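Peer 1: Sharing a structure below in structure tokens format, with a few things to ask.
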Amino acid sequence: MLAEFDLIRRYFTLPTHDVHQQGVALGIGDDAALLNPQPGRQLVVSVDTSVVDVHFPGDAPAEAIGHRALAVALSDLAAMGATSRWCVMALTLDQSQFADDNAADAWLSGYARGFATLAGRHATTLVGGDVTSGLLSIAVTVMGDVPNATALTRSGARPGDVIAVTGALGGGAGGLALWQQGERDSAHPLLERYLWPTPRLAAGEALREWATAAIDISDGLLADLGHLREASGVGARLSLEALPLAEGLEQALGPEAARQATLTGGDDYELLVTLPSAHVEKARQQLAMSGVPLHVIGECSDIPGVHGLSVQRYHGWQHFKGETP
């Protein structure tokens, strides 16, 4: 395998002219990057770590791993209504997985391609990072911006606001279940949802005008709704019938497992938002321009907890605790 700095130069360094077009005064190759934030906008920063066989299967395609590592980090910017601009990446490689230099080149080329393709799609420039040896893991820090005092947060929901989600739910968990059962058809809609998630950046920017609170769905609908409820000090009433199921979910898992995946499965990276009912149609129309549906699934209340469905047997995910009620 190449030495650290040769590896960085070969797979992760952009041409100088590309970097300078993205507000980067100094990019990869020095001790740190120099960036040029835009006046009148606040910087939005988030970090996400992906560990092999915890957040993604070790035998997943390298290109999908690269895409996914960046996508899950960008999803946090989407939840804030931010425009993505830059990222840094710390890549820990397990050298034992490579039989020879050709195998290493094939994996790194695929990984870099998946990462760079998604970065280009969202005008996000890789400006630095680190490469080391150990258990395969990827930490991606993303940086974006929003106009001053316009960022979406988890704490703005009020009783009477409706609760809505973008896209469909349960696809990430359904795709993982199929992968664990041996399904490898990358064209399957559930596997695509799991391996190639779509960060809803355009939807987040559009919802910034209408939403009162937002969070991305990474740990499951009930778990992430719990974070939003706690931050806003509200309760929630949900309609089980209104939950939008991912394509093919019931056929793949059956009705009860599909419901479980929709409520608690995680890895959907859709946006969960609250907004006044009077703004729902305007928000839907704006999101429709980018091909993203918005589904109303409930309403915020002043009664603590979640009501309208039996949640006793459903659990969300927390690291270090596993599934928790």
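Peer 1: Of all residues being under 24 Å from residue 122 (Cα atoms) and not aromatic (Phe, Trp, Tyr) in the stretch 247-269, which is farthest from the chain's Cα centre (by Cα)? Just the residue, please.
Peer 2: 266
Peer 1: Scan the stretch 287-305 for residues that are exposed (fewer than 12 other Cβ atoms within 10 Å of the Cβ), more than 16 Å from residue 224 (Cα to Cα) and not hydrophobic (A, V, I, L, M, F, W, C) and report the count.
Peer 2: Selection size over the stretch 287-305: 2.
Peer 1: I would also like to ask the following. Would you tally the residues in the stretch 87-111 being in a helix (DSSP H, G or I), surrounded by fewer than 21 Cβ atoms within 10 Å (Cβ to Cβ) and in contact with a helix residue (DSSP H, G or I) (Cβ under 9 Å, 6 or more places away or on another chain)?
Peer 2: Of the residues in that region, 9 qualify.
Peer 1: Are any residues in the stretch 112-141 assigned to a helix (DSSP H, G or I), under 14 Å from residue 13 (Cα atoms) and of a type outside the set (Lys, Arg), and if so, which ones?
Peer 2: As a first pass, look at the stretch 112-141 and keep what is assigned to a helix (DSSP H, G or I): 112-121.
Imposing the further condition that a residue be under 14 Å from residue 13 (Cα atoms) reduces the set to 112-113, 115-117, 119-120.
Answer for the stretch 112-141, where residues must be assigned to a helix (DSSP H, G or I), under 14 Å from residue 13 (Cα atoms) and of a type outside the set (Lys, Arg): 112, 115, 116, 117, 119, 120.
Peer 1: Which residues, counting only those in the stretch 245-255, are of a type in the set (Asp, Glu) and in a helix (DSSP H, G or I)?
Peer 2: 250
Peer 1: A follow-up question, please. Suppose the filter is surrounded by 18 or more Cβ atoms within 10 Å (Cβ to Cβ) and either not in a strand (DSSP E or B) or not assigned by TED's automatic domain parsing to the domain that holds residue 213 (or both); does residue 77 pass it? Steps first, answer last, please.
Peer 2: Details: surrounded by 18 or more Cβ atoms within 10 Å (Cβ to Cβ): yes; either not in a strand (DSSP E or B) or not assigned by TED's automatic domain parsing to the domain that holds residue 213 (or both): yes.
When the stated conditions are applied, residue 77 passes them.
Peer 1: Which is free of Cβ contacts under 8 Å to residues at least 60 places away in the same chain, in contact with an Asp or Glu (Cβ under 8 Å, 6 or more places away or on another chain), more than 22 Å from residue 293 (Cα to Cα) and not polar (S, T, N, Q), of 134, 120?
Peer 2: The conditions single out 134.
Peer 1: How many residues does the stretch 185-244 hold that are under 18 Å from residue 48 (Cβ atoms) and part of a loop (DSSP other than H, G, I, E, B)?
Peer 2: 9
Peer 1: Would you be able to say whether some residue in the stretch 142-164 is of a type in the set (S, T, N, Q) and in a strand (DSSP E or B)?
Peer 2: Taking every residue of the stretch 142-164 in turn, none turns out to be of a type in the set (S, T, N, Q) and in a strand (DSSP E or B).
Peer 1: When you scan the stretch 4-20, do you find a residue that is in the same structural domain as residue 112 (by TED's automatic domain parsing), surrounded by 19 or more Cβ atoms within 10 Å (Cβ to Cβ) and closer than 26 Å to residue 221 by Cβ, even just one?
Peer 2: no
Peer 1: Same structure, new question: Based on what the data block shows, is residue 272 more than 12 Å from residue 174 (Cα to Cα), under 23 Å from the mean Cα position of the chain (by Cα) and in a helix (DSSP H, G or I)? Break it down stepwise before answering.
Peer 2: Details: more than 12 Å from residue 174 (Cα to Cα): yes; under 23 Å from the mean Cα position of the chain (by Cα): yes; in a helix (DSSP H, G or I): no.
It is false that residue 272 is more than 12 Å from residue 174 (Cα to Cα), under 23 Å from the mean Cα position of the chain (by Cα) and in a helix (DSSP H, G or I).
The values are calculated or read from the model by the stated rules, or taken from the named source; none is laboratory data. These numbers come from a predicted model, not from an experiment. Note: ideal-geometry Cβ built from the backbone for every residue, glycine included; neighbour counts use all protein chains shown.
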